[in-house]
């Protein structure tokens with residue numbers, strides 16, 4: 001039953017992330033390569049959702065709401081394989097539900113916050129997303145490594161996600177989260193759906209690399 005509660009929490013968290021953060025990108029008209037108030041509002045929306053969810057479901061599931069975070073926790077042996085699968089399924093379902101709800105509200109013409117390739121280049125986009133995810137996930141691993149950081153962890157993680165969005169929106173719209181990208185792409189279709197694999201694969205690679213590097217750096221063995 002405890003595992004089910006964790007999965008439900010992950011579903012809710014990812015649903016809120018897509019509905020509110022991707023929804024903000026859609027309704028304010030955030031565009032890549034156009035630095036304006038919509039750009040900043042979108043970056044803030046992603047960070048603020050993480051803060052809100054961290055302090056509401058964090059004590060239930062850890063508030064991963066992102067397969068890249070979950071795979072990093074799996075590699076770090078902080079999450080069982082069974083729960084990893086359950087988390088990822090819940091996250092994707094939550095993202096799909098969030099995107100479906102957003103589309104019911106505003107239609108899909110505004111893009112639903114879907115990601116796009118930087119300059120149409122798959123290699124560049126993969127590289128950008130790996131770097132962005134690496135920075136985001138290694139911050140999560142660091143701040144959650146000590147129990148005494150519990151009171152500030154949500155704020156730190158939310159601000160880090162804001163940071164990577166402020167930099168990354170210009171390039172790809174910033175994914176760093178396979179579920180967050182898949183939900184909107186599924187309903188937008190076209191190039192967004194055809195290229196969504198980039199925003200699934202790259203964050204997972206970034207998450208694994210972050211876990212491996214952090215585990216190495218924090219190891220007490222010489």
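The values are calculated or read from the model by the stated rules, or taken from the named source; none is laboratory data. Model, not experiment: these values are computed from the prediction. Ideal geometry is used to build each Cβ from the backbone, glycine not excepted, and the neighbour counts take in all protein chains shown.
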May I ask you to list the residues in region 169-186 that are crowded, with 24+ Cβ neighbours inside 10 Å and not in a loop (DSSP other than H, G, I, E, B)? 169, 172, 178, 179, 180, 181, 182, 183, 184, 185
Suppose we filter region 187-206 for residues that are outside any loop (DSSP other than H, G, I, E, B) and either out of contact with any helix residue (DSSP H, G or I) (no Cβ under 6 Å at 6 or more places or on another chain) or under 20 Å from residue 74 (Cβ atoms) (or both); how many remain? 12
Just a yes or no: is a residue in region 47-54 in a loop (DSSP other than H, G, I, E, B), crowded, with 21+ Cβ neighbours inside 10 Å and touching a residue at least 24 places away in the same chain (Cβ under 8 Å)? no
Subset of region 102-127 (residues that are surrounded by 15 or more Cβ atoms within 10 Å (Cβ to Cβ) and in a loop (DSSP other than H, G, I, E, B)): 108, 110, 111, 112, 113, 114, 115, 116, 117
Going by the structure shown, is residue 41 surrounded by fewer than 24 Cβ atoms within 10 Å (Cβ to Cβ), closer than 21 Å to residue 134 by Cβ and without any contact (Cβ under 8 Å) to a residue 24 or more places away in the chain? no
Set 80, 37, 70, 61: member being more than 17 Å from the chain's Cα centre (by Cα) and modelled with pLDDT of 95 or more: 80
Being touching a residue at least 60 places away in the same chain (Cβ under 8 Å), crowded, with 17+ Cβ neighbours inside 10 Å, in contact with a helix residue (DSSP H, G or I) (Cβ under 8 Å, 6 or more places away or on another chain) and over 19 Å from residue 19 (Cβ atoms) is true for just one of 72, 99. Which residue is that? 72
List the pairs whose first member sits in region 181-193 and is farther than 21 Å from residue 65 by Cβ, whose second member is at pLDDT 95 or above and part of a helix (DSSP H, G or I), and whose Cβ atoms are under 7 Å apart, counting only residues at least 6 apart or on separate chains? 193/185; 193/186
Could you pull out the residue among 131, 137 that is in contact (Cβ under 8 Å) with a residue 12 or more places away in the chain, under 14 Å from the mean Cα position of the chain (by Cα) and either at positive phi or crowded, with 24+ Cβ neighbours inside 10 Å (or both)? 137
If I filter region 12-24 for residues that are in a helix (DSSP H, G or I), closer than 20 Å to residue 151 by Cα, out of contact with any strand residue (DSSP E or B) (no Cβ under 9 Å at 6 or more places or on another chain) and touching a residue at least 12 places away in the same chain (Cβ under 8 Å), do I get at least one hit? yes
Scanning region 1-10 for residues that are surrounded by fewer than 24 Cβ atoms within 10 Å (Cβ to Cβ) and part of a helix (DSSP H, G or I), which turns out modelled with the lowest pLDDT? 2
Residue 30: passes all of (1) buried (at least 16 other Cβ atoms within 10 Å of the Cβ); (2) assigned to a helix (DSSP H, G or I); (3) modelled with pLDDT under 95 but (2)
